[in-house]
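Data first, discussion second: the structure below is written as structure tokens.
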Amino acid sequence: MLFLYNFMVILASQLLKLWAFFIPKVKLFVDGRKNVFEILRSKINLQDKTIWFHAASLGEYEQGLPVMEKIKERFPSHKIVLTFFSPSGYEVRKKNTIADVTVYLPLDTKTNAKEFVATVHPELVFFIKYEYWPNYLNELKNAEIKTYLISGILRENQAFFKWYGGFYRNALKTFDYFFVQNESSKKLLQSLGHQNVKISGDTRFDRVVSILQRDNSLHFIEDFKDKKKLVVIGSSWPKDESLLVNFINQADENVKFIIAPHIIKAEQIAELKNAITKKVVLFSEMENEYLATFQVFIIDTIGILTKIYSYADIAYVGGGFVKKGLHNILEPATFGIPILIGPEFSNFAEVKALVNLEGCISINNQAELNNALTNLLLNEDIRYEKGHICETFVQMNKGATDIILSYLES
């Protein structure tokens, strides 16, 4: 099976080069990997001590960030090497300040794995959540390099637990220790004979708790809010927006709305703005505007949504009308804000927990959205109660990073 896997990786690499001519995201994926080894050799010497973190995409980066920060404190003389698999992670965080070197992970061939491990020669390696690349893991094992899985999630439908997943099960044997998010992941690993596993929880909670210690002020958001109730719509998709625009267009003048779309393309922003009958201002056009006179603020930029959540009375987090598309609800939750989402959240344990606790409300259609938002806007006690549930949930689940660091230092 490993032979077949290696053949499929090589075949995929050729197909991706072809698709890159037609699909911009695939072009980023292919072009971004062309000079990885040259970049690594220019920034890492044989004398350098290094620690390698690998994240599939942006969400995994955010999960790993608290551990990266602590590791950087613990090993100040080591260089941090950060790799991404997906363009949606690399392109957003390629200029991060935590890593000394940030690159795409070359495809998982035996040749790439050997060259990468030899060039980076890490002392410690951390794979975040659920990335398992057999050739890289085997090469790390052969080089006797300590390798850990952090914030791991395992599910019964993964290849490890199928009849054909033998080479993936062998890949799991290369990890020195597993830090997993929940009891079910621990039991699944134990069912395969792994006792080197500990429930640490989800490091994303540590990440969002740390947000509270920084300066989250944005004077222009404060000017726009103008002491009125504010609904922040974060990472919205077209399906979310089609329902929310209907509500906005009939909303009371004393309620304000901020929309931060997931995709920022000029034509989509224009279409969204034109669908709204209230007075709208764009972030890109706000200069010299008296923001308090507008009722809707469209954020056509990236990087400030988390700070904007700190001003919200209610948050709607987008992507919940697409399977596996829901965005991070923990960022608004840490500020003690009631949250609304779409119906697709079954793959997110923290969302299921907050829905069950009733801090987060899942809506299926226009009527449910209208009822939920109206109820929250009119009832301060309900708003406070649901927001308090969200804040408490985040605070009670922090601490995963300390568990991981305690093990490494023992």
*asked:* Show me the GluC sites (Glu not before Pro) within segment 231-338 that DSSP assigns to loop and that have at most 16 other Cβ atoms within 10 Å of their Cβ.
replied: GLU253, GLU287, GLU289
*At a 1.4 Å probe, what is the % contribution of carbon and sulfur to the accessible area of the chain?*
52 percent
*asked:* Accessible area per residue for segment 285-379 in Å², computed with a 1.4 Å probe and the full protein assembly in place, what is it?
replied: 40 Å²
*Can you grab the distance from the C-alpha centre of segment 230-280 to the C-alpha centre of segment 288-325, Å, no decimals?*
9 Å
*Tell me, Kirkwood radius of segment 1-158 from alpha-carbon pair distances, in Å?*
16.2 Å
*asked:* I'd like to compare 380-393, 11-24: which one has the highest average count of other Cβ atoms within 10 Å, and what's the full order after that?
replied: 380-393, 11-24
*Greater than 26 Å apart at Cα, pairs in LYS49/LYS307; LYS239/LYS278; LYS25/LYS173; LYS110/LYS198; LYS70/LYS198*: LYS49/LYS307; LYS25/LYS173; LYS110/LYS198
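Return the tail of the calculated pair distribution for segment 253-404, meaning the percent of Cα-Cα pairs more than 18 Å apart.
62 percent
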*Using the Kyte-Doolittle scale, find the helices of the chain whose mean hydropathy is at least 1.0 and whose Cα atoms extend 20 Å or more along the helix's long axis, counting only whole DSSP H runs.*
2-19
*Counting only residues 5 or more places away or on other chains, whose amide H sits under 5 Å from the amide H of GLY152 once H atoms are built in the peptide plane?*
LYS129, PHE179, VAL180, GLN181
*Place +1 on the Cβ of every Lys and Arg and -1 on the Cβ of every Asp and Glu in the chain, take the dipole about the Cα centre, and give the residue among MET396, ASN135, HIS194 whose Cα lies farthest towards its positive end.*
ASN135
*Post the alpha-carbon centroid distance, segment 334-378 to segment 31-87, in whole angstrom.*
36 Å
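Rounded to the nearest 500, what is the 222 nm mean residue ellipticity of the chain from helices alone, with -39500 (n - 2.57) per DSSP H run of 4+ residues and division by all residues? The partial results should precede the final answer.
Working: 19 runs with 190 residues, N = 410.
Calculated at 222 nm, the ellipticity per residue is -13500 deg cm²/dmol.
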*asked:* Keeping every protein chain present and rolling a 1.4 Å probe, give me the accessible area per residue for segment 217-265 in Å².
replied: 45 Å²
*After finding the eigenvalues of the alpha carbon gyration tensor for segment 234-300, what semi-axes result from the square roots of 5 times each, listed largest first in whole Å?*
17, 16, 9
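Any idea what the dipole of the chain comes to, in debye rounded to 20, about its Cα centre with Lys/Arg Cβ at +1 and Asp/Glu Cβ at -1?
Magnitude of the dipole: close to 1360 debye.
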*What percent antiparallel are the DSSP beta bridges of the chain, to the nearest 5?*
0 percent
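Whole number please: convex hull volume per residue, Cα atoms of segment 119-239, in Å³.
On the way: hull volume 26.0 nm³, N = 121.
So the per-residue Cα hull volume is 215 Å³.
The values are calculated or read from the model by the stated rules, or taken from the named source; none is laboratory data. Since this is a predicted model, take the numbers as computed values, not measurements. Positions of Cβ are generated from backbone atoms using ideal geometry, with glycine treated the same way; all protein chains shown enter the neighbour counts. Heavy atoms of the whole protein, side chains included, go into the accessibility calculation; ligands, DNA and RNA do not. Shrake-Rupley method; radii C 1.70, N 1.55, O 1.52, S 1.80 Å.
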